[in-house]
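Asker: This is the structure, below, for whatever I ask next.
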Amino acid sequence: MRIGSLIVQYLLALIFIVFGMNHYLNFISMGQMPTGTAGQFIAALVASHYMYVVAFFEVAPAILLLINRFVPLSLVILAPVIFNILLTNLLMAPQGLAMGLFLVILWLLSAWRVRTAFFPLLQDRPVATPVVTHARAA
């Protein structure tokens, strides 16, 4: 199960590295701009250079996933990106919904292995941790 989970994690990382870096380097032709609201939304993201920020939040956690460091943090950073991809596809470009759902499934399978790291996020109040002080040597 651990190997399968790592394969899913690496696949998720590679998807975000490739498509995130494509925003910077434009090595994959994305075809014609969608029409309607989706096209206007994407055009606004590109014209305002906001897409570079989104690409950073795709590539940086994907690199961490690929090297298997800070996996829970990386998944927390990727969650809103995936949510926005899914929501954009659902509301404005339903033809891309399959890719959004595929990313959600990959994220869930990757998060399952480190699910205990998310439990503290679900507490209504933080648990106070005692401060440890060291006595000075005389």
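The values are calculated or read from the model by the stated rules, or taken from the named source; none is laboratory data. Treat the numbers as computed from the prediction; the structure is a model and nothing was measured. Quick reminder, even Gly has a Cβ in these numbers, built from the backbone with ideal geometry, and neighbours come from all protein chains shown. The accessibility values were calculated without ligands, DNA or RNA, using every heavy atom of the protein model including side chains. Shrake-Rupley method; radii C 1.70, N 1.55, O 1.52, S 1.80 Å.
Asker: What percentage of the solvent-accessible surface of segment 1-98, computed with a 1.4 Å probe over protein heavy atoms, is contributed by carbon and sulfur atoms?
Answerer: Solvent-exposed carbon and sulfur of segment 1-98 make up 73 percent of the total.
Asker: With r defined as the distance between the Cβ atoms of LEU11 and ASN68 and R0 fixed at 22 Å, what FRET efficiency is calculated, to the nearest 0.05?
Answerer: Between LEU11 and ASN68 the formula returns 0.95.
Asker: Along each of the three principal axes of the Cα atoms of the chain, give the extent in whole Å, ordering the values from largest to smallest.
Answerer: For the chain, the Cα extents along the three principal axes come out at 73, 38, 31 Å.
Asker: Mind listing which trypsin sites (Lys or Arg not before Pro) in segment 80-138 are in a DSSP loop and have 12 or fewer other Cβ atoms within 10 Å?
Answerer: ARG136
Asker: Something else now. What helices does the chain have that are whole DSSP H segments, at least 27 Å long along their own axis by Cα, and with mean Kyte-Doolittle hydropathy of 1.0 or more?
Answerer: In the chain, the long hydrophobic H runs are 2-25, 71-91.
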